[in-house]
Every structure is written in C-alpha cells, then in structure tokens.
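One structure is given below, encoded as structure tokens.
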Number of protein chains: 2
Amino acid sequence: MPLKETHIALAHGNGGRYMRELIEDLFVSRLGNAALDTSLDAATVPAMPAGELVVTTDGFTVHPLEFPGGNIGSLAVHGTVNDLAVAGATPVYLTLNAFIEEGIEIALLERLIDAMAKAAANSRVNIIAGDTKVVRRGEADGVYFATTGLGIRPHTLRLGMPEIRAGDQVLVSGTVGDHGAAVLLAREEFGFHGELKSDAGSVLYLAQTLTRIPGLRFMRDPTRGGLATVANEIVRCTGLCMRLNESAIPVSDPVQSVCELLGYDPFYLACEGRLIAVVARDNASQAVDALIAAGAHAALIGEFSEADPQVIVQTELGGERILEELEDDPLPRIC
Amino acid sequence: MPLKETHIALAHGNGGRYMRELIEDLFVSRLGNAALDTSLDAATVPAMPAGELVVTTDGFTVHPLEFPGGNIGSLAVHGTVNDLAVAGATPVYLTLNAFIEEGIEIALLERLIDAMAKAAANSRVNIIAGDTKVVRRGEADGVYFATTGLGIRPHTLRLGMPEIRAGDQVLVSGTVGDHGAAVLLAREEFGFHGELKSDAGSVLYLAQTLTRIPGLRFMRDPTRGGLATVANEIVRCTGLCMRLNESAIPVSDPVQSVCELLGYDPFYLACEGRLIAVVARDNASQAVDALIAAGAHAALIGEFSEADPQVIVQTELGGERILEELEDDPLPRIC
C-alpha cells in the first residue's frame, strides 16, 4: 500500500488528501469496477436485468474481526448477498459503509477488503458506491461495515411466510451453529481453540437451485438467533405449528461439544452460510436431493401443522421441548 | 413507547423478542410505510418513475448526537437525500442501518427517529429496509447511522465535473460553515454556546430549481471539508483553475466570530444544507436569481480559468491566497 502510514489516523476521514488516498489505495484498488466512480457522490446504476428490483441492507459488527473461516469483510458481502438470495433474487450491486476506528492497523483493513473483494467476485456483485467515516480511538471497536444490496427477482416467483401451509416440510442446507460456535471460540476469553470453522459463505447457488423446485414456499438464512429464531418468526407470522425432529437436524461434533461444554443450544447459534427452506410436502424430497446434488449436507428436519403456533422439538429420546423465542442475548456481536 | 425498558440492552440486538419489539416500537411506528415489511429480509422496490436509477450511501457519526438545528436522525436522511439531489436525481427510497450502543437512552433514540421520520416525510422518501445492531457499552459512541438512497434522474440530464469549462461560474446557495461551527460549539469542551444553528437540511428543492436552468454543469453539497474540499476536488478532476472572490462568499457573523476566536477557516467547515453549483457564464445570473426566488441567500462566488489547477482566493484586501487540500482533520465526527 503506497500510504506511508501503517495505522488509521483521524485525517483519513476528513474529506481531504489522506482520505482520498485511503479510498484509492485501500478500497478502489481492490473493489474497483466500471460502475464505481469516486469523483461522484452518487452512482448511476447500469442497466439491470428484467425483473422486480429487490433491496436489502445489513450491518456487521462481528468480534473478533477475523475468525476461522472468514472475516468481517467477507461476511459483509455474503450477508447481504444471502439476504437477496433467500428472497429469490440474483444479487447485482452492493454499496458499502465503513466506520473505522482511529488506530486500527492498515494491514488488517487490507486483509478485510481483500476478503470482501474475493467474496464479491465469487458472488458476481459489484460495489458501486461507498462511504467511510473515521471515529476517534475508543469510539468504535476496530471497524463496522454496512452493505446494501440491489438484486433482481423474476416476476413469477412467489416466496414468503404467507405462502406456507400446514403439511409443508422444513429443510436445512447443512449443519447449524457453526458460525456462532466458531466466533465464540475465536474470542480469547475462552482460552481454548478448537478445529471449528465458521460456515460463513454464500448460499446463492443453493438458493438458486431451490428456486427451480416447484412447491418452494420460503427461504431464510438463519443468522442472529439461529434456527430457533427463524422458526419462531415463521410460527408467529403463519399461526401454524412447526415440529422439528431433533435427530434430523445436522449439528457437527465440535459444535455439539462446544455447546455442551459452555451451555449453549446450537439451535440458537448463528449460521452465516446456511439456508432454511419450506417446501410443499410433495416436493420436499426433490428439494433435499437437489441440494445434496449441489454439494450441501441438506436434511429434512420438520413440518408444519394446524396445532398451536409454537416451535416443538421432538427430542432424540422421544420427548418434546418447546423452542422459545430468544430473550437475553447469549452472544453479542456475532455478525 | 410500550417497551418497559428505558435504555438499550444487548438483548435489543439479538434477533429475538426484545429486538422485534424495539424495531416495531421505535422504528416501524415512526417510519412505517406500505413498502416496509419487517417480516422480510429484503424489500421489493415498488415501481419507480422512468429515468436512470441512481444510488448513494452515507454514514453518520456526528458528535454530539443532537445539535442546534438538527440531530443525527434528520442528518442521516438529509445527507443522503442531498447526495441524490445534487446528482440531479429525485430521491425515492432509503434504507437504514443503525449501530446502537448498549446503555443509550431510548427516549433519545425516539427523538432521533422522530426527526428522521419528519425529514423523510418532508423529502418525500420512504424507508423500505433497515437493520439494527447493538454493540456493548463503550464499543460505539451512542449511535451511528448509515443510509443508502435510491433516486431517479432524467435520462437527458448531464451533470458532473467533466462538464465544467473555463469561464464557468461558481455559486453557493447560502452561508458556509454553519454546520461545522454549530457542532463545534455544541461540544461541551468549548464551554460556551452561541446563537449558532446548523444549516442541516434538504437542498432538494434548490437542486431541482437549478436543474431547470440551462448551462448547469455540476452540483455538490459541501459537507466534510467544506467549500475548500469541493473546490479542490473540482480543480484536481478538471485541471482548471478556480478563482474565488472572498468578499462574495457568504459567511454569517456568528460563524465568522467563532472561526476567528478558535482559529478555524470557515471555508473548510462543513455545511449540511448548502449546495455549490457550476453554471455556464451566460446562465449564471439566471441561476442565482432562481435560487434567490426560491428563498436562498445565493451568491456568485467565483469562476474557472485555464490557469494552473489550484483554488485561489482573492482576499478582501486585494491579495491572493491558495486554498490547499485539507491535510489534518480539524474537526472529526462532524457528520
């Protein structure tokens, strides 16, 4: 990086020469594309494919900024790409906000933006506008990002919680809780590190695979609050009962061990590269097979009924427990 | 507010019940509109008027959060509305990110979101998607916002620095430096308060007035780094010389006094409700007259020539000084 400085100073946020150089050297050199013009305060969006315009926005505050399997830079791209993907849209453009703390090492920022660039290239999205703010030492914790995504959805695709009917099946695209458990372990305070890796990544290909399956009702990526939180949102919106089969829900051995050791329930831990889908009963096994053919460890994990609107887990021992809506925050700054 | 809590807790960011209630009670009750559906992670953008789609994004970290003339909530709307307006676009939709610090008073947040709602209504924009993150006490300073704006620009409008020619005139829509000076005084550390009020507000109407003037080349709102920074950006991009007439540049008496007392140059202080425009010589007085008829204290302040690319100020005493690009940050967290 041509900047002589090794750490961020307040002058990197002042609108003047240092800020211009930071933006050019750190961001534009990595994220540049034909539609990104830093001499403008607003970008003209190049022509988009036909379809409904879909927009989503997400903030990222994960601590630590780097964790096994990703960092806050890749997360900021994948998180917004995934929100568009599970809405049935093809992500096309992103905008980026960076809130940077005075004193953070520029080499660290470079790694974050490198990962961001790689994630954007893999998801075929371009970043077309951005803004940076620098705040005083102690006023933020390293860096926060926010990304806003524009995508295009076919006019014919109807997805959403209101489409869900009794009898519909629930599936998940892989093991749950990996991101939450990996971030937990990456925090020094626990004093031990395992072989755990975050699942952080793009679900775009899997979501696109599912949109070709008839009977697809709804998709969501279970981030903050995990599977349990998505499940509770659905039952509250639909008025249906969701019954999950505990033994069918994939949880990796290391995640299971960490949860037992530290007293967490993996169903409440965040995923950052999984999707939950609801599919009509007749199409459910076709949907799972399609995900497996696409390389995912997908599984059918439950179904909806007309019973009381709550999330019931049928335990491996044959009993039942209710997955309540989250109250306290077990794990702040997970995403 | 139905929430029993008076201050933000980490649980307000966890994806569960508290977060849902916060979003409903604080945000949706104030910002709700037909296109905002909190059960979705991505919003379908309703049909937009014909024209080019324009997108911009901006982060807001102003300290203190409330200052004479506005707060970070109104600023987060006006800032992005203004970026679209000076690009010649009509703002239509915004998205919102909030990074909220544990422990901040909910009554304060309510005032910020009230101001945001009022600013959005005045600018006729709807907020169609949002995200909140809560970080631990001490990890952010109250609240940061980011907004991303979607606007529509007529296909026929050509604006931008490359349109600027030697002989073109520079105008400003009102006094400069009011926002910077007002925020400066609002900081306790200076120990005195004046009658100063930020100019924070929308320039949309003024920008729309100017887009009807033939010969309009370029508009920009001089925020971080003020008039001097916009001027330097233009000369760097165009390779032209910009000569400003100091006695023509409007500076209010209280801003002038504060600057003399504290050693600031008002030309480097942020405005948040002004625009700088460049207009062909033959149309310049028509443009100023149109702004004055629209209620602005507009003035012609300078012109471009083929001389060396720098910003020269002709002082009131008949001398000259060069307005250099900003190096250090005189005033962090101004917007």
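See the values below:
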| item | result |
| --- | --- |
| Cα-only Debye scattering, segment A:181-306: base-10 log of I(q)/I(0) at q = 0.10, 0.13, 0.23 Å⁻¹ | -0.34, -0.57, -1.49 |
| Projected label distance in nm at A:HIS297 and A:ASP253, using a 7 Å step from Cα toward the beta-carbon | 1.1 nm |
| Taking only Cα atoms of segment B:10-153, radius of gyration then Dmax in Å | 14.9, 46 |
| Karplus 3J(HN,Hα) series, Hz, for segment A:34-48 with 6.51 cos²θ - 1.76 cosθ + 1.60 (x for Gly, Pro) | 4, 8, 9, 10, 6, 7, 10, 8, 9, 9, 7, 7, x, 3, 9 |
| Average accessible surface area per residue within chain B, 1.4 Å rolling probe, Å² | 37 Å² |
| Over segment A:263-335 - Rg/Rh using Cα atoms and the Kirkwood inverse-distance radius | 0.99 |
| Global geometry of the protein assembly as shown, whether rounded, prolate or oblate, following the gyration tensor of its Cα atoms and the 1.5 cut on a/c | prolate |
| For segment A:125-260: Kirkwood Rh in Å [reciprocal of mean 1/r, alpha carbons] | 18.4 Å |
| Chain A shape via C-alpha gyration tensor axes, a/c threshold 1.5 | oblate |
| Euclidean distance between Cα centres, segment B:210-286 to segment A:320-335, Å | 52 Å |
| Total accessible area lost when A and B pair, probe 1.4 Å, Å² to nearest 100 | 5700 Å² |
| Exposure ranking of B:HIS179, A:HIS297, A:HIS7 by accessible area [1.4 Å probe, largest first] | A:HIS297, A:HIS7, B:HIS179 |
| Accessible-area ranking of B:GLU101, A:GLU260, largest first, probe 1.4 Å | A:GLU260, B:GLU101 |
| C-alpha long axis of helix B:72-86 to longest principal axis of chain B, angle in ° | 50 degrees |
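The values are calculated or read from the model by the stated rules, or taken from the named source; none is laboratory data. Quick caveat, the model's predicted, so the values are computed rather than measured. All Cβ positions, glycine included, derive from the backbone under ideal geometry; neighbour counts span all protein chains shown. For the accessible areas, the whole protein counts, side chains as well, though only heavy atoms, and no ligand, DNA or RNA atoms are used. Shrake-Rupley method; radii C 1.70, N 1.55, O 1.52, S 1.80 Å.
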